[in-house]
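Dropping a structure here in structure tokens format, bear with me for questions.
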Amino acid sequence: MKLREYEAKKILREYGIPVPAGFLIRSAAELPAHLTGLGENIVLKAQVDVGGRGKAGGIVMADRNNAVAMAQDLFKKEIKGLPVREVLAEQRLEIQHEYFLSITVDRSSRQPLLLFTESGGVDIEITAKEHPEAIRTVIANPLMRDIPPFMIRELVGTAPKEIGPVINKLYRVFLEKDALLAEINPLVTTPQGVIAADAKLIIDDNALGRQGFAVNRDLTDREREAEKHGFSYVELDGTIGVIGNGAGLTMSTLDLIGFYGGKAANFLDVGGGAESERVMHAVRLVGSVPSVKVIVVNLLGGITKCDEVAKGIIAAGIPQKVIVRLAGTNEAEGRALLSEKGYEMLDTMDLVVKKAVEVAA
């Protein structure tokens, strides 16, 4: 789960990383009480769960005279479709230079990967693409509680040595907060020293409880409903709903839909041994997606019984067309139940997907 900027900066502050003076407000009326602590020049930052908010108008510069009016305007905006309900009001920094510092997980070594470049800011992606040599990296063993001095020197290069302690502190944040990403962009030098002007922190979903989060905010309502039933579920942007059992079979169904020119609306794996009630919830969940025109149910019966699957499909009672491929345990019984109710069944995954793409079109 991605933390909002004010949440990430609170954690950085707790670990001794300097951040700008700032206050979270939920209405423009709250701002005047905090203006004295922010200085003459102010930055107003919309706290929305989306990237690229600066270019989308979610970060505005203000001063003490117009800050309230600009905050009012910001609260009226939508940033990439998301309403602004929280704003971080901060002192505007006198920036001398911007750097980029990030810690993530290196998939190859399965260890923390530290990245640093002297070209920080909003266009870091362009730097990474056009000048990859400008980004310095080191792999750290997670058993180390601190980054060794030689690694710090390798990362920092000719940048101010005051950045070294910030790297170590961010590394501790990464480890102790079960992070998948801990990033400061930009990390800036100012007359007052090195300061984290922005912060991004993504916590491993599996560790949210340990980190004190009761709800994963990154999940949609349907993804949260799927989690409640124990489904593996991901929302996509197509028109063909997909229900399978087993990640491999479900992914193959998605691949085949793409191969035949269709677009899947979701990935849903009901898991093994699914009984009728579980299948019913799965079909209703996929049927609740507004864009879904047709649903493919592609299940192989082993410990999953085809007659239980058929009962669940029938009980769901959704308006969309459901095209079914069942094979395995109690296949004949399942087919008989579905045939009696008029459901379309085909013998292979290939035929089912072709038909679904045709219906969706």
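How would Leu249, Leu337 line up from fewest to most surrounding beta-carbon atoms within 10 angstrom?
Fewest-to-most Cβ neighbours within 10 Å comes out as Leu249, Leu337.
Related question: Hey, in the GNM for the chain with a 10 angstrom Cα cutoff, which one of Tyr99, Tyr343, Tyr233 fluctuates hardest?
Looking only at Tyr99, Tyr343, Tyr233, the largest GNM fluctuation is found for Tyr343.
If you don't mind, another one. Take Ala327 and Val68, extend 7 Å from each Cα along the Cα→Cβ direction, and tell me the distance between the two endpoints in nm.
Result for the modelled spin labels: 7.1 nm.
Now, a different point. Against the longest principal axis of the chain, how steep is helix 306-316, in degrees 0 to 90 to the nearest 10, with axes from Cα atoms?
The helix 306-316 is inclined about 70 degrees to the chain.
If you don't mind, another one. Per Stokes-Einstein, at 25 °C and 0.890 mPa s, what whole-number D in µm² s⁻¹ belongs to the stretch 117-256, with the Kirkwood radius over Cα pairs as the hydrodynamic radius?
In µm²/s, the coefficient is 131.
Checking the table Lys80/Lys321; Lys10/Lys76; Lys80/Lys311; Lys77/Lys177; Lys2/Lys129; Lys129/Lys293 against a 30 Å threshold on Cα-Cα, which pairs fail?
Lys80/Lys321; Lys80/Lys311; Lys77/Lys177; Lys129/Lys293
Count the net charge of all other residues whose Cβ sits under 10 Å from the Cβ of Glu277, scoring Lys and Arg as +1 and Asp and Glu as -1.
Charge balance near Glu277 sits at 0.
Taking amide hydrogens as modeled 1.01 Å from N in the peptide plane, which residues meet the under 5 Å criterion relative to Ala265, leaving out close sequence neighbours?
Under 5 Å from the amide H of Ala265 lie the amide H atoms of Gly238, Thr239, Ile240, Gly241, Val242, each far enough along the sequence or on another chain.
Could you state the principal axis extents of the C-alpha atoms in the chain, from the largest down, to the nearest angstrom?
Principal-axis extents of the chain (Cα, largest first): 78, 50, 38 Å.
Give the relative contact order (percent, whole number) for the chain; include only Cα pairs under 8 Å separated by 6+ residues.
Reported relative contact order: 12 percent.
Also: What does the charge add up to near Tyr233, with Lys and Arg as +1, Asp and Glu as -1, over the other residues with Cβ less than 12 Å from its Cβ?
-3
Further question: To test your reading of the geometry: what angle, between 0 and 90 degrees and rounded to tens, separates the Cα axis of helix 349-360 from the longest principal axis of the chain?
70
Normalising by the residue count of the stretch 51-98, find the relative contact order in percent from Cα pairs under 8 Å and 6+ residues apart.
It comes to 29 percent, rounded to a whole number.
Given just the C-alpha atoms of the stretch 62-164, how large is their convex hull per residue in cubic angstrom?
Output value, Cα hull per residue: 181 Å³.
For the stretch 1-71 and the stretch 96-157, what is the separation of their C-alpha centers, rounded to whole Å?
Each part's Cα centre sits 26 Å from the other's.
Which percent of Cα-Cα pairs in the stretch 53-108 sits in each 10 Å bin, short to long?
17, 39, 27, 14, 3, 0
Right, here's the next one. Helix 276-287 sits at what angle to the longest principal axis of the chain, using alpha carbons and giving 0 to 90 degrees rounded to 10?
The angle comes out near 60 degrees.
Take the stretch 193-310, drop everything but the C-alpha atoms, weight them equally and run the Debye formula without solvent; then report log10 I(q)/I(0) at 0.15, 0.16, 0.18 Å⁻¹ to two decimals.
These q points yield log10 I(q)/I(0) values of -0.72, -0.79, -0.94.
Then there is this: Give me the mean projected area, in nm² to one decimal, of the convex hull enclosing the Cα positions of the stretch 262-361.
5.5
Quick one: net charge of Pro18's neighbours, Cβ under 11 Å, K/R +1, D/E -1?
It works out to a net charge of +2.
Explain nothing, just the number: relative contact order of the stretch 21-91, from Cα pairs under 8 Å at least 6 residues apart, as a whole percent.
In percent, rounded to a whole number, it is 49.
Cα atoms only, the stretch 233-293: Rg and Dmax in Å?
That works out to 11.1, 32 Å for Rg and Dmax.
As an exercise, take the mean of 1/r over every pair of distinct alpha carbons in the stretch 21-91, invert it, and state the Kirkwood radius in angstroms.
11.8
Let me ask something else. Let's test the formula: R0 of 22 Å, r as the Cβ-Cβ distance of Ala336 and Glu358. What FRET efficiency results, to the nearest 0.05?
0.30
Each value in this text was obtained by applying a stated rule to the coordinates, not by laboratory testing. From a predicted model like this one, the values you see are computed outputs, not experimental measurements. Cβ atoms come from the backbone with ideal geometry, glycine included; neighbour counts cover every protein chain shown.
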